[in-house]
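Written below as structure tokens is the structure these notes are about.
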């Protein structure tokens, strides 16, 4: 297996190539590559796969881009800022990916607005919607970057569909998370569950 670097616009990515089969591991629809020590160029359409990487202690996988309209993107920006505005970019991406995971699951609403504003008996799934923080946040550049990365397919959530800030949760609610769900990991001030 040879190692190359591939530049796409302003982005340079590592590409792993199995030369006998010419199988590519990278991100693009059309790839132009050159074999090391050879002038021969091969143009090939490839199904793209990035290897998993570890960023800030989290395993990041890549999925298809998650397309949303402007309204839904703004909803995602606001809820991520309200829930994780004090976290680093990875912590903010986690919250965005939990919401995306819910949209992709049959157990929840099939759009971001439906997931963020879901409630049962007057109790909202996301506390910032209930207590008004959702409506008063000012979305930061770091939050926009995190959400955009999650929407582009970067997934560091290990499939999490729930999170809780244990320090701020009421004991009954925290007990439900810990007794009813599968704990995955903690990151920043949140615990993540499936």
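The values are calculated or read from the model by the stated rules, or taken from the named source; none is laboratory data. A quick note: this is a predicted structure, and the numbers were derived from the prediction, not measured. Note: ideal-geometry Cβ built from the backbone for every residue, glycine included; neighbour counts use all protein chains shown.
Residues of segment 159-181 that are touching a strand residue (DSSP E or B) at 6+ places or on another chain (Cβ under 8 Å) and either closer than 21 Å to residue 116 by Cβ or at pLDDT 95 or above (or both): 159, 160, 161, 162, 163, 164, 165, 173, 177, 181. Screening residue 54 against (1) modelled with pLDDT of 75 or more; (2) surrounded by 13 or more Cβ atoms within 10 Å (Cβ to Cβ); (3) not in a helix (DSSP H, G or I) leaves a single unmet condition, (2).
Yes or no, residue by residue, for (1) under 20 Å from residue 193 (Cα atoms); (2) modelled with pLDDT under 95; (3) surrounded by fewer than 20 Cβ atoms within 10 Å (Cβ to Cβ):
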| position | (1), (2), (3) |
| --- | --- |
| 44 | no, yes, yes |
| 82 | yes, no, no |
| 111 | no, no, yes |
| 127 | yes, yes, yes |
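Checked against the criterion of being touching a residue at least 40 places away in the same chain (Cβ under 8 Å), under 17 Å from residue 159 (Cβ atoms) and assigned by TED's automatic domain parsing to the domain that holds residue 187, the candidates 96, 84 yield just one match: 96.
For segment 160-179, the criterion of being in the same structural domain as residue 84 (by TED's automatic domain parsing), touching a helix residue (DSSP H, G or I) at 6+ places or on another chain (Cβ under 6 Å), in a helix (DSSP H, G or I) and under 18 Å from residue 78 (Cα atoms) is met by none of the residues.
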